[in-house]
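Peer 1: Have a look at this one before I ask anything.
The values are calculated or read from the model by the stated rules, or taken from the named source; none is laboratory data. The structure displayed is predicted, hence computed values, not measured ones. FYI the Cβ positions are ideal-geometry reconstructions off the backbone, even for glycines, and counts take in every protein chain you see.
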């Protein structure tokens, strides 16, 4: 029996009206008044300037929290899936067993040292007062002073650039799924994050077939590779 693993990126949510990361309107092209996106999306920024971090995160991600899944998410709803997206649209589409390897927009955790076991809690976005955004965000994430406090404040469940994969994000299960796959299909990803490189290394070492779905696919150093030069939506329409 075939065991295909799908690894998705921002391209699968484009049809839901959510910007990709590196397009002209992408998340990594839009910073704050004083910082670049690459500076904003760090644990260091959250620790030292949580007001700026949370405001940026709210505007760039949480404002899309009511968007719904598209046909790609519904097609993937019964598939073996790892997604880089934090939008939670795969859950909305009914996939109850997918791995959100970079976190979930709808969840937060107690602020903790990386690698420690913690529980998740619903993110407080509906309580945010946009008319008093900074103060409202700080209060919602229990940040009483200028900096978050360990085991008291909260942090969005998102893997930041200066953090590493832990089991909070399902890394052990993700690696097991890669190792047991007989095909890995990458959909709508730029291959610029560690999880895709990890999957490619496993595919090379175990001679796993690889497919890449993207209108302008990145050429990957692996053989064999089948390229589908189309959008995620076109791909699932073709697959039926």
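Peer 1: Working only within the range 191-216, note down all residues that are more than 15 Å from residue 81 (Cα to Cα), surrounded by 19 or more Cβ atoms within 10 Å (Cβ to Cβ) and within 21 Å of the chain's Cα centre (by Cα).
Peer 2: Correct list: 200, 214.
Peer 1: For the range 51-62, indicate whether the set of residues that are modelled with pLDDT of 90 or more, in contact with a strand residue (DSSP E or B) (Cβ under 8 Å, 6 or more places away or on another chain), assigned to a loop (DSSP other than H, G, I, E, B) and surrounded by 14 or more Cβ atoms within 10 Å (Cβ to Cβ) is non-empty.
Peer 2: Within the range 51-62, none of the residues are modelled with pLDDT of 90 or more, in contact with a strand residue (DSSP E or B) (Cβ under 8 Å, 6 or more places away or on another chain), assigned to a loop (DSSP other than H, G, I, E, B) and surrounded by 14 or more Cβ atoms within 10 Å (Cβ to Cβ).
Peer 1: For the range 91-109, which positions are in contact with a helix residue (DSSP H, G or I) (Cβ under 8 Å, 6 or more places away or on another chain), crowded, with 17+ Cβ neighbours inside 10 Å and without any contact (Cβ under 8 Å) to a residue 24 or more places away in the chain?
Peer 2: 95, 98, listed by residue number.
Peer 1: Then there's this: For the range 110-138, what are the residues that are within 20 Å of residue 41 (Cβ to Cβ), surrounded by fewer than 17 Cβ atoms within 10 Å (Cβ to Cβ) and within 18 Å of the chain's Cα centre (by Cα)?
Peer 2: Across the range 110-138, the qualifying residues are 114, 120.
Peer 1: Looking at (1) in contact with a strand residue (DSSP E or B) (Cβ under 6 Å, 6 or more places away or on another chain); (2) over 29 Å from residue 189 (Cα atoms); (3) not in a loop (DSSP other than H, G, I, E, B), can you tell me which one residue 108 breaks?
Peer 2: (2)
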